[in-house]
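Novice: Got a structure for you, questions after.
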Amino acid sequence: MMEGGLAHPRALRHTDLDPQQPIPQEAELTTGRRIEPGRAYGFFTDTTLCIGCKACEVACKEWNQLPADDLRLSGTSYDNTRALSAHTWRHVTFAERIVEDGQRVTSMPPYQSNWLMMSDVCKHCDPAPCLEACPTGAIFRTEFETVVVQQDICNGCGYCVPACPFGVVELSTDDGKAHKCTLCYDRLKGGLEPACAKSCPTDSIQFGPVEELLDLAERRVEHLHAQGQPRAYLYGTPGAPGATGGIGRLNAFFLLTERPEVYNLPSEPSRPSRRAKPSFLAGLATMAGLAVAAALIGVGRR
Amino acid sequence: MTAQPRLPPWRGETYHGLPSLKASSFDWKVSAYIALLGLAGSAQVLAAVARLTGRHGEEDGLVRRARLLAATGSTIGPLLLIRHLKTPSRWYNMLRIVRPTSPMSLGSWLLTAFGGLSALTTLGALFGRRSRLARRVAEVAQGPAAITGAGMSVYTASLLSSTSTPLWAAAPAPLAAQFGAASMAGAASALALAQRRAGEDRSARRLETLAAAAAMGEFAAARVVERRWKQAGIAHAATHGRGRALLQGGGKGAGMLLPLAAHALSVLGAEGRSSRVLPELASLAMIAGGAAMRHGMLQAGNESARRPQDSLRFNQPRNARR
């Protein structure tokens, strides 16, 4: 039984519950937000708050029981994880600002060091290129507007892998299926916020309904501008870099202070399925022309 | 919405040189499938054209051989694709849904239809002499088989273009034209070989002419594709290493320029014994070159996906690309 002081006021409402039972809608305690089917949920990852502790990477691996990837040191930065993969669904990038405009950087931006850290994750795009590419229906949009690969349906064709504009989804050599972040679909169903967001000690990763997060993010950018960080901007919100070329928005979006490429993100990704029709029609026109040529040459004559 | 701050222009920096995309798992099995089903699909187009315009009976000659080529391709092709799946036992999940946004999904259905129709035309090729019913069935199936065959010849380019891999995404329409022309050049060459072997040299000559015309079309389309790559500043993977060897040496050299020269020589040269070797070698080179081109396209595309300087450049705002 928790005593005053340490416990959150909302938690005190649950003190009379059976401690063996899960708390219904625990996300209400941890984020102040209920998780209800039919609403869009996502992440707002604020890089100005990230301290590079990688608690999100660890929490994700533990909850989702993901095996370790390559354990070698990268030798380039504190980032030894290097990339998102079939078995790594959160990845903290470390970019050090050393040189700017040909000069050695001697000052720091306000409220930040010269280490730019970002916890990368599947963007749960809307529309999602991986989902649009999937021929089996293994990848689907859940009742929380997140994008999930159904492991009992995926046959490992691998078409979602080059379709993703962010290099997120990957085939596992262990089981021959495509894997990526599920935005903790199982936890959402149980009223829990995703493991990475819950473990983040600085609230750099915030979980909630996308509409609420968008408001929050706009206010955060204005706040940072007022504080003297004029470079703060959003990546993946409607109309911003990252949500371009037919991709309406990223349900997991970011607040950045440098060019997207610094964080290994594309400036203007595009929706691949847009290219299918023009390509196919041009091909069919070519074939029609060649068929006419065949008739003119008279391939049918003996 | 808050105003976007002015960011410094991108100067080619990458994240520790690490890839920003994942390369596809497409390997030789996929490139072999693309080349083989291109041949098979275009063979059905030729069978239909021959039936419509010529005096070839459907039970003998060109039409029969084209239908058998299509049957061979549509039998081996799906096996290659299933082998390429990382969970092959679930191949049938491809036929679980129809996803209009996915060329892989539509392609699976197209392949199914093409395979079925090719099986029907094969009835005509195998039993046409004895059975009127087999002839009738093949005749009815020939039109749809040709239409799905045209789709088979080009949908693979559309499938590659509908990814985020820079080299494939950069030129959707010209790439499909290149694949289609390569398919027709390959099918005409394969059937020319068969006609030569059967002693139908005049028919073979016409097919060789068609193959040469298609190869010239392929050459032109390939030039447009390359120009798009250069404009986007992402040509590196296609102009260096294995990509260069397969696309330039294999696809263009062995698949287009050499056979074109050989055909020209044999036309100019006297009619004689030697005039048969040259065109046959040219036809073989064209088929091999088409396969090399497809494999080179997969190789170079995967390489471009692994090169962050290419993928990040490709995703720059259009006017900022170099």
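All of the numbers you see were taken from the coordinates with simple rules; none came from a lab. Because the structure is a prediction, the values reported are computed rather than measured. Note that each Cβ is placed from the backbone with ideal geometry, even for glycine, and that neighbours are counted across all protein chains shown.
Novice: Rank-order A:130-138, B:164-172, A:147-155 by packing density, defined as the average count of other C-beta atoms within 10 Å over each peptide's residues, highest first.
Specialist: Numbers: A:130-138: 25.2, B:164-172: 27.8, A:147-155: 19.6.
Answer by packing, highest mean first, reads B:164-172, A:130-138, A:147-155.
Novice: What ranking, highest mean first, results for peptides A:169-179, A:249-259 when packing means the other Cβ atoms within 10 Å averaged over each residue?
Specialist: Working: A:169-179: 19.1, A:249-259: 23.8.
Per-residue mean Cβ counts within 10 Å order the peptides as A:249-259, A:169-179.
Novice: Please say if region B:141-289 is rounded, prolate or oblate, where rounded means a/c under 1.5 for a ≥ b ≥ c the square roots of the C-alpha gyration tensor eigenvalues, and otherwise the choice is prolate for a/b larger than b/c and oblate otherwise? Kindly include the intermediate steps, with their values, before the conclusion.
Specialist: Details: a/c = 2.91, a/b = 1.55, b/c = 1.88.
Oblate is the answer for region B:141-289, as a/c is 1.5 or above yet b/c matches or exceeds a/b.
Novice: Excluding A:ALA40 itself, calculate the net charge of residues whose Cβ lies under 12 Å from the Cβ of A:ALA40, where each Lys or Arg counts +1 and each Asp or Glu counts -1.
Specialist: Values: positive: A:ARG39, A:ARG141, A:ARG249; negative: A:GLU36, A:ASP126, A:GLU143, A:GLU145, A:GLU211, A:GLU212.
My count for the surroundings of A:ALA40 gives -3.
Novice: Can you give me the angle between helix A:210-227 and the longest principal axis of chain A, using Cα atoms only, in degrees from 0 to 90, rounded to the nearest 10?
Specialist: So the helix axis and the longest Cα principal axis differ by about 70 degrees.
Novice: Going by average Cβ density within 10 Å per residue, which order do the peptides A:66-74, A:51-59, B:142-150 take, highest to lowest? Mind showing how you got there, number by number?
Specialist: Details: A:66-74: 11.4, A:51-59: 19.2, B:142-150: 24.7.
Put in order of decreasing packing, that is B:142-150, A:51-59, A:66-74.
Novice: Still on this model: How high is the relative contact order of region A:75-179, given as a whole-number percent (alpha carbon pairs under 8 Å, six or more residues apart)? Provide the component values of the computation, followed by the final result.
Specialist: Values: 153 pairs, mean separation 25.6, N = 105.
Once normalised by length, the contact order is 24 percent.
Novice: Express in whole angstrom the spacing between the alpha-carbon centres of region A:133-159 and region B:202-252.
Specialist: 36 Å
Novice: Can you give me the angle between helix B:28-53 and the longest principal axis of chain B, using Cα atoms only, in degrees from 0 to 90, rounded to the nearest 10?
Specialist: Helix B:28-53 sits at roughly 40 degrees to that axis.
Novice: Using a ≥ b ≥ c from the Cα gyration tensor of chain B (square roots of the eigenvalues), is it rounded, prolate or oblate, where a/c under 1.5 gives rounded and otherwise the larger of a/b and b/c decides, a/b for prolate? It would help to have the intermediate numbers written out before the result.
Specialist: Values: a/c = 2.64, a/b = 1.56, b/c = 1.68.
It comes out oblate by the Cα gyration axes.
Novice: Wrap a convex hull around the Cα atoms of the protein assembly as shown, take a quarter of its surface area, and give that in square nanometres. Intermediate results must be reported in sequence, preceding the final value.
Specialist: Numbers: hull surface 130.0 nm².
Averaged projected hull area, Cα only: 32.5 nm².
Novice: Between helix A:276-297 and chain A, what is the angle of the helix's C-alpha long axis to the longest principal axis, kept within 0 to 90° and rounded to the nearest 10?
Specialist: Between the helix axis and the principal axis of chain A, the angle is about 10 degrees.
Novice: Report Rg/Rh for region A:93-147, rounded to two decimals, where Rg is the Cα radius of gyration and Rh the Kirkwood radius.
Specialist: When Rh is taken as the Kirkwood radius, the ratio is 1.30.
Novice: Moving on. Could you tell me how far the Cα centroid of region A:17-87 sits from the Cα centroid of region B:147-164, in Å?
Specialist: Centre-to-centre (Cα) distance: 39 Å.
Novice: Under the Kirkwood approximation applied to all pairs of distinct alpha-carbon atoms, what is the hydrodynamic radius of region A:32-291 in Å? Provide the component values of the computation, followed by the final result.
Specialist: Details: mean 1/r = 0.0516 Å⁻¹.
About 19.4 Å, per the Kirkwood formula over Cα pairs.
Novice: Still on this structure: Within a Cβ distance under 13 Å of A:GLU96, other residues only, what is the Lys/Arg minus Asp/Glu net charge? Don't skip to the answer; put the middle values down first.
Specialist: On the way: positive: A:ARG97, A:ARG104; negative: A:ASP79, A:GLU100, A:GLU258, B:GLU13.
It works out to a net charge of -2.
Novice: A further question follows. Return the percentage of antiparallel bridges among DSSP beta bridges fully within the protein assembly as shown, rounded to the nearest 5 %. Could the numbers behind the result be given before it?
Specialist: On the way: 25 of 29 bridges.
If we restrict to bridges inside the protein assembly as shown, about 85 percent are antiparallel.
Novice: Summarise the partner chain shielding of B:167-173 as one whole number: the mean count of Cβ atoms from other chains within 10 Å of each residue's Cβ.
Specialist: Details: counts 0, 4, 7, 1, 3, 11, 9.
Whole-number average of other-chain Cβ neighbours for B:167-173 is 5.
Novice: At q = 0.20 Å⁻¹, work out log10 I(q)/I(0) for region B:75-165 with the Debye formula, treating every Cα as an identical point scatterer and leaving solvent out; two decimals please.
Specialist: At q = 0.20 Å⁻¹ the computed log10 ratios are -0.99.
Novice: Across the residues of B:197-204, average count of Cβ atoms on other protein chains within 10 Å?
Specialist: Values: counts 0, 0, 0, 1, 0, 2, 5, 0.
Mean inter-chain Cβ contacts per residue within 10 Å come to 1.
Novice: Then there's this: Going by how many other beta carbons lie within 10 Å of each one, how would you line up B:THR14, B:THR75, fewest first? Don't jump to the answer; show the numbers that get you there.
Specialist: Working: B:THR14 19, B:THR75 15.
Lowest count first: B:THR75, B:THR14.
Novice: Name the lysines eligible as straight-distance cross-link partners of B:LYS29: C-alpha to C-alpha under 24 Å, and not fewer than 8 places from it in the same chain.
Specialist: Once the sequence-local lysines are set aside, what remains near B:LYS29 is A:LYS177, B:LYS86, B:LYS252.
Novice: Still on this structure: Normalised by the number of residues in chain A, what is the relative contact order in percent for Cα pairs under 8 Å and 6+ residues apart?
Specialist: Working: 523 pairs, mean separation 68.2, N = 302.
Relative contact order comes out at 23 percent.
Novice: Could you grab the relative contact order for chain B? Cα pairs under 8 Å, six or more apart, rounded to a whole percent.
Specialist: Working: 524 pairs, mean separation 75.1, N = 322.
The normalised contact order for chain B reaches 23 percent.
Novice: Computed on alpha carbon atoms, what radius of gyration and Dmax characterise region A:141-264, expressed in Å?
Specialist: 16.4, 51
Novice: Please average, across the residues of B:90-98, the number of beta carbons from any other chain that are within 10 Å of each residue's own beta carbon, and give a whole number. Mind showing how you got there, number by number?
Specialist: Working: counts 10, 4, 2, 10, 4, 2, 6, 6, 2.
The per-residue average across the peptide is 5.
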